[in-house]
Structures are given as C-alpha cells and as structure tokens.
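Asker: First the structure, then my questions, so here it is.
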Amino acid sequence: MMEITLFAAEVALYISFSLLIGGLLLLLIAETSKPPMVIPNKLIITASMLTIAAAFLPILPVTRTLARVDTWQQAFMNVLFTFSIGKSFLFITLFGVLLLLIWTIKGAAENKYLVSLSLALVIAMIISYTQSSHTTSLAGWQGQMAHTIHFLAVSLWLGILFIVSWLSKGTENWSAFLRWFTPTAIAALLIVTVSGFFTMSIDLHAYGNTNLGTVQAYEDGLASSYGQGLLWKHLFFLAIIMFAVINGILFRRKREDQTFNPFPWTKAESLFALIAFLWTSYMGRVGIPSQGGTPAADASFLYSVFTDKQESGIVDVTFAFGPMSWLLLLLGTLFLLLALVTAVKKSSVSMTATAGAAMIITFYLGVMTGVQ
C-alpha cells in the first residue's frame, strides 16, 4: 500500500510542478497572445500544497526503517536533517509556504511582480527536489544541474500544454499563441533530449565510464525494471513529439480557421504526457540498475517474458534482430504514418490516438523480440 501511495505522490508532484510552471508563465503572457482562459488561484494553491505533501511522503518509509533501532521521533529528526531527502523536503516546504503566502494576497494573479516572484519560488522548489535525486547522488552538482534543466524544460513545455488544453474557454488568439509556443516547445524538446541523454548516462552508470558507452548501458538496463520503464517512457515521448508535430506544424493551415477546434488534439497530447509521467514515477520507485549489471534474480518480469530465463549471475543483454523484429518495427513506422495521415486527412483524434498507441506497442515488441 505504501508503494502505491509513494507512486501516486510522485506522479502528483510531477503534475503539480508542471501546472505551477505552466500556469504562472501563462499569467505573465499578454491576453492577446493566448486563448481566453481563467487560471484559478485555487489551482496554484492546491498544486503548491500537493507538492509539499508529495515531497513529505518518501520520508516515512526511511523513518520507519531507522525507527527499528531508534525512537520514531529520533529517526524522523535524523532523516529530516541529515538525509538529502529530508533536506530536500525542508527547502521545498520553505519555498512552498512562501508561495502560499503570496497567493493569499488579493489580486496576486494580476500583479506581474508577485507572479514573477512565485515563478522564482517554484524554480527554487524544483532545484530543492533534484537535490535528492539519483542523478545528484551519482554525479554531484553536474548531475543535479542536468536533472534540474531537464525537469524545468519538461515542466515548461507540458505545463503550458496542460493549462491551455484543459482551461481555455475558446479558440481566440490561437494563431498568436502558436507563434510563440511552437518555438518554445521546440527549444524545450531539444533541451529535454540533450539533458535527458546526460541524466540517462548517469543513471545507467555510463557517465565517466570509459568501458561502458551510453547505448550499451541502455541495452544492459533493459533487463532491469528501471530500463523497461525508461523504454516505455521514451516510446510515449515519441508519441508526444508526434502530436506536437501535428498540432504545431501539420495543422498550421488551420490556424485561421474559426471552425477548427484544436483542444481535443492538445488534450490527447497531454494524456500521452500524463502516461509518460506515470512511467517516470515508476522508474523513480523501482530505482536505478546496479552498477555491475542486473542480477538474474532481479530481472524485470517484462524482460523475462521475451527471453530465456537465466538462473544465476548477471544478465547479459544482446540484440539479434530477426525477421519478426524488423516486421514489428516496420509496422510501428506504418502506425506512425497512419497517425499523421489520419490527423491531416480525417481529422479524427480517436483514430490518431489509437494509431499512436499501436505505434508504441509495436515498437516496444519490435525492440524486445530482438533481445537475446
């Protein structure tokens, strides 16, 4: 039960940070450069409180473990002031309470100075959160910087997407919105890709390891639950990019069409993003693979389904793509093309989303049937 609670808390934390970054940034954007929308104060307040609560929950299992030899109070204080996860929570709480105080001020949403200060506090909360991440523990300040940049870029891109998709009241100014959001999303995508590659190399123990490249580390990691989650996350990320291309590029001609409703499409993109958050949270809960490789006893269930069970030792992951693997990868590519074509020709969100989901599944099967 605790694991499910911690999983849900991590998902809530990712979503809350995205809503805070996206909501506050949109409050700073001129009304003529975004669709008409109402960003309620309750959203900012609720997201702030959820962030604090989500940062607190991981402290409990650590405290419970230490309480076996100390009193619960001693264990709790020990975790709070000496463990990175406890210090992270303290700073998140400090900045979160300051943020909540700002949003008790009447008219805070209309005050650009207070909104900017709120945004700075959220960034400080994110920096506090990454202080206790796997990447930071493995690579120090370089790991934290990469993780922070990655987290900020994702929160900015998807946070704006979430807010605009679900809180907009109409399609007015849609063309003006896309004029600045499309290049912003492209820049965020590039930053996410580069920083994500760096953080991945750290988590998979390839960073600074001359004997292990990142691609090989990725292959070896597929035997672990973390590596499986990473693969699924990347495939959903591909689907998000697909929808971004549809919404930002392929639908360019429809920007001035007053009858065109873009929000079902952006909502579909945001739902794929939500599932990517679920996989990210899963990765955070299962932990990174062991530096020496994945022991056979700890191999992921999904990995074991596609390979012969290895009884002992470290799992040796190799690829040998056969006809079935290539056929599945080709089928995945065709599903991708089908999604793009149905978006342009049929304007069917459900067909495009279904083709996108089929693309993810067939690409996954194509990769895993190639594992030996």
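Asker: For residues that are among the aliphatic types (A, V, I, L, M) and either over 23 Å from the mean Cα position of the chain (by Cα) or surrounded by fewer than 22 Cβ atoms within 10 Å (Cβ to Cβ) (or both), scanning just the stretch 86-98, find the one that is farthest from Pro61 (Cα to Cα).
Answerer: Within the stretch 86-98, the first condition is being among the aliphatic types (A, V, I, L, M), and the residues that meet it are 90, 92, 94, 97-98.
Add one more test, that the residue is either over 23 Å from the mean Cα position of the chain (by Cα) or surrounded by fewer than 22 Cβ atoms within 10 Å (Cβ to Cβ) (or both), and what stays is 90, 94, 97-98.
Numbers: Leu90: 17, Leu94: 22, Val97: 24, Leu98: 27 Å.
Once the filter is applied, the top-ranked residue is Leu98.
Asker: A further question on this structure: Quick check on my filter: what residues within the stretch 282-296 are crowded, with 20+ Cβ neighbours inside 10 Å and touching a Phe, Trp or Tyr at 6+ places or on another chain (Cβ under 6 Å)?
Answerer: Met283, Ile288, Pro289
Asker: Just give me the residues in the stretch 241-267 being in contact (Cβ under 8 Å) with a residue 60 or more places away in the chain and closer than 17 Å to Ile361 by Cα, in sequence order.
Answerer: Selection gives Met242, Phe243.
Asker: Moving to a separate point now. So Met368 fits all but one of (1) buried (at least 16 other Cβ atoms within 10 Å of the Cβ); (2) among the aliphatic types (A, V, I, L, M); (3) touching a residue at least 40 places away in the same chain (Cβ under 8 Å); (4) over 30 Å from Ile246 (Cα atoms); what number is the exception?
Answerer: Result: Met368 passes all but (4).
Asker: Here's a follow-up. Tally the residues that are of a type outside the set (Gly, Ala, Ser) and either at pLDDT below 90 or in contact with a Leu (Cβ under 9 Å, 6 or more places away or on another chain) (or both), restricting the search to the stretch 180-196. Quick ask: steps written out before the conclusion?
Answerer: Looking only at the stretch 180-196, we keep the residues that are of a type outside the set (Gly, Ala, Ser), and these are 180-184, 186, 189-194.
Those left that are additionally either at pLDDT below 90 or in contact with a Leu (Cβ under 9 Å, 6 or more places away or on another chain) (or both): 181, 184, 191.
Residues in the stretch 180-196 being of a type outside the set (Gly, Ala, Ser) and either at pLDDT below 90 or in contact with a Leu (Cβ under 9 Å, 6 or more places away or on another chain) (or both): 3 in total.
Asker: State all residues of the stretch 324-370 that are hydroxyl-bearing (Ser, Thr, Tyr) and not in a helix (DSSP H, G or I); if no residue qualifies, say none.
Answerer: Quick first cut of the stretch 324-370, residues hydroxyl-bearing (Ser, Thr, Tyr) only: 325, 333, 342, 347-348, 350, 352, 354, 362, 364, 369.
Once the filter is applied, which keeps residues that are hydroxyl-bearing (Ser, Thr, Tyr) and not in a helix (DSSP H, G or I), the stretch 324-370 yields Ser347, Ser348, Thr369.
Asker: Also: All but one of (1) modelled with pLDDT of 90 or more; (2) over 24 Å from the mean Cα position of the chain (by Cα); (3) basic (Lys, Arg) hold for Arg68, so report the exception by its number.
Answerer: Single failed check for Arg68: (1).
Asker: Moving on to the next point. If you take the residues in the stretch 141-172 that are of a type in the set (Val, Ile, Thr) and more than 22 Å from Ser88 (Cβ to Cβ), which one is surrounded by the fewest Cβ atoms within 10 Å (Cβ to Cβ)?
Answerer: Kept after step one, since they are of a type in the set (Val, Ile, Thr), are these residues of the stretch 141-172: 148-149, 154, 160, 163-164, 171.
Subset that is more than 22 Å from Ser88 (Cβ to Cβ): 160, 163-164, 171.
Values: Ile160: 24, Ile163: 24, Val164: 22, Thr171: 18.
If we take residues in the stretch 141-172 being of a type in the set (Val, Ile, Thr) and more than 22 Å from Ser88 (Cβ to Cβ), then Thr171 is surrounded by the fewest Cβ atoms within 10 Å (Cβ to Cβ).
Asker: Determine if the stretch 244-254 includes at least one residue that is more than 21 Å from Phe181 (Cα to Cα) and touching a helix residue (DSSP H, G or I) at 6+ places or on another chain (Cβ under 8 Å). Steps first, answer last, please.
Answerer: Filtering the stretch 244-254 for residues more than 21 Å from Phe181 (Cα to Cα) gives none.
Checked against the condition, which is being more than 21 Å from Phe181 (Cα to Cα) and touching a helix residue (DSSP H, G or I) at 6+ places or on another chain (Cβ under 8 Å), the stretch 244-254 yields no hits at all.
Asker: Scan the stretch 34-54 and tell me whether some residue there is more than 20 Å from Phe95 (Cβ to Cβ), touching a Ser or Thr at 6+ places or on another chain (Cβ under 6 Å) and part of a helix (DSSP H, G or I).
Answerer: no
Asker: Say we look at the stretch 334-365 and pick out the residues that are in contact (Cβ under 8 Å) with a residue 24 or more places away in the chain and not hydrophobic (A, V, I, L, M, F, W, C); which of these is nearest to Phe319 (Cα to Cα)?
Answerer: Ranking the candidates gives Tyr364 first.
Asker: Here's something else I'd like to know. Of the conditions (1) farther than 19 Å from Leu119 by Cα; (2) surrounded by 13 or more Cβ atoms within 10 Å (Cβ to Cβ); (3) among the basic types (Lys, Arg), Arg68 clears all except one; give me its number.
Answerer: It is condition (2) that Arg68 fails.
Asker: Those residues that are part of a helix (DSSP H, G or I) and under 18 Å from Glu219 (Cβ atoms), I need them from the stretch 287-323; list them, please.
Answerer: Ala296, Asp298, Leu302, Tyr303, Ser304, Val305, Phe306
The values are calculated or read from the model by the stated rules, or taken from the named source; none is laboratory data. All figures in this text were calculated on a predicted structure; none of them were measured in a lab. Ideal geometry is used to build each Cβ from the backbone, glycine not excepted, and the neighbour counts take in all protein chains shown.
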